[in-house]
Each structure stands twice: as C-alpha cells, then as structure tokens.
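Any read-out appearing in this document is the output of simple, stated calculations on the displayed coordinates, not a laboratory observation. Just so it is clear, the model here is predicted, and its values are computed rather than measured. Positions of Cβ are backbone-derived with ideal geometry, glycine not excepted, and every protein chain shown enters the neighbour counts.
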Amino acid sequence: MADVTFYAHSIGSDKSQWQSVKDHLVNTAGLATNLGSDSGLSELAYIAGLLHDIGKYSLAFQRKLEGASIKVDHSTAGAKEIINLFGHTPKQEFIGMLLAYCIAGHHGGLPDYGSVIDYETDCFLTFKLSPL
C-alpha cells in the first residue's frame with residue numbers, strides 16, 4: 001500500500017508546497033507551548049495544539065483541500081479525543097472540557113455548552129461531543 005500524505009493547508013495546486021497535517025500539528029503544539037509558558041499552561045497548551053486539527057486526517061478534508069465544495073468539521077475530532085484522554089477523574093474531566101471548548105471553537109468561536117433540550121442541535125458542544 002502506498003504511503004498517503006494528509007495535508008492541513010494548501011497553497012496552489014503544487015502539493016510539494018502544501019503543509020502536512022503532522023507538521024502543522026507539531027508546529028502548532030510548539031507555538032502553543034511557548035504561548036502558554038507565562039501562565040503555567042505549557043503542557044495543556046501543547047496537547048491542545050497537537051489535537052486541534054486531527055480531524056484533517058480524513059479523506060473528506062483532503063478532498064476539500066483539492067477543491068471539492070464541501071463542508072468538513074475538522075475541529076470536533078480533537079475535542080472528542082481530548083475528552084477521551086481527560087476522563088479519569090472529576091478534575092481531569094473539567095480540564096478536558098475546557099480544552100475541548102478551545103479545540104471545538106478554534107475557528108468558529110466557542111460553542112454554547114447546551115442542555116438536554118438542545119441535544120439535537122449541532123451548534124452546541126454537548127451535541128458535538130455525543131457518541132454517534
């Protein structure tokens with residue numbers, strides 16, 4: 001099976017100029033680490049930076065970069081993963097939810113949390129994080 005490169009950003013049609021998802025995530029994590037250092041949040045910032053665009057590891061997002069006129073939600077995957085990683089204690093759940101907000105809203109703004117009556121509306125974080 002041939003190696004597949006997943007891209008995060010495109011510049012023109014020459015893929016040799018495109019940025020891979022891996023490079024984008026590692027670079028963003030490094031930048032986030034530096035930005036979080038003054039507040040003592042370097043490690044959490046690193047994790048958020050590393051996970052913020054893992055949803056770009058999808059064939060649908062790759063098709064979008066190649067010009068398909070489709071909407072692809074690439075932020076929710078990282079928010080869900082952070083909840084999986086930080087779900088062991090109440091303190092970790094709280095930190096995971098804060099990071100999930102940051103990841104889920106890194107392009108469109110922070111979503112409302114929502115409630116049981118809002119559950120089926122996809123603009124709320126409770127819906128985005130719900131199992132399919």
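Between Ser20 and residues 5 or more places away or on another chain, which pairs have amide H atoms under 5 Å apart, with H built 1.01 Å from N, and which residues are they? Correct list: Ala8.
From the alpha carbon centroid of the range 36-103 to that of the range 1-32 is 16 Å.
Here the 3J(HN,Hα) profile of the range 16-21, calculated from phi with Karplus coefficients 6.51, -1.76 and 1.60 at θ = phi - 60°, is 5, 9, 7, 9, 6, 4 Hz, Gly and Pro shown as x. Calculated on the alpha-carbon coordinates, the convex hull of the range 1-105 measures out at 116 cubic angstrom per residue.
Take 6-17, 56-67 and order them by the average number of nearby Cβ atoms within 10 Å per residue, most first; the result is 56-67, 6-17. Distance between the pseudo-spin-label points of Leu98 and Val4 (7 Å out from Cα toward the beta carbon): 3.6 nm. In terms of the mean number of neighbouring beta-carbon atoms within 10 Å, the peptides 25-34, 87-96 order highest first as 25-34, 87-96.
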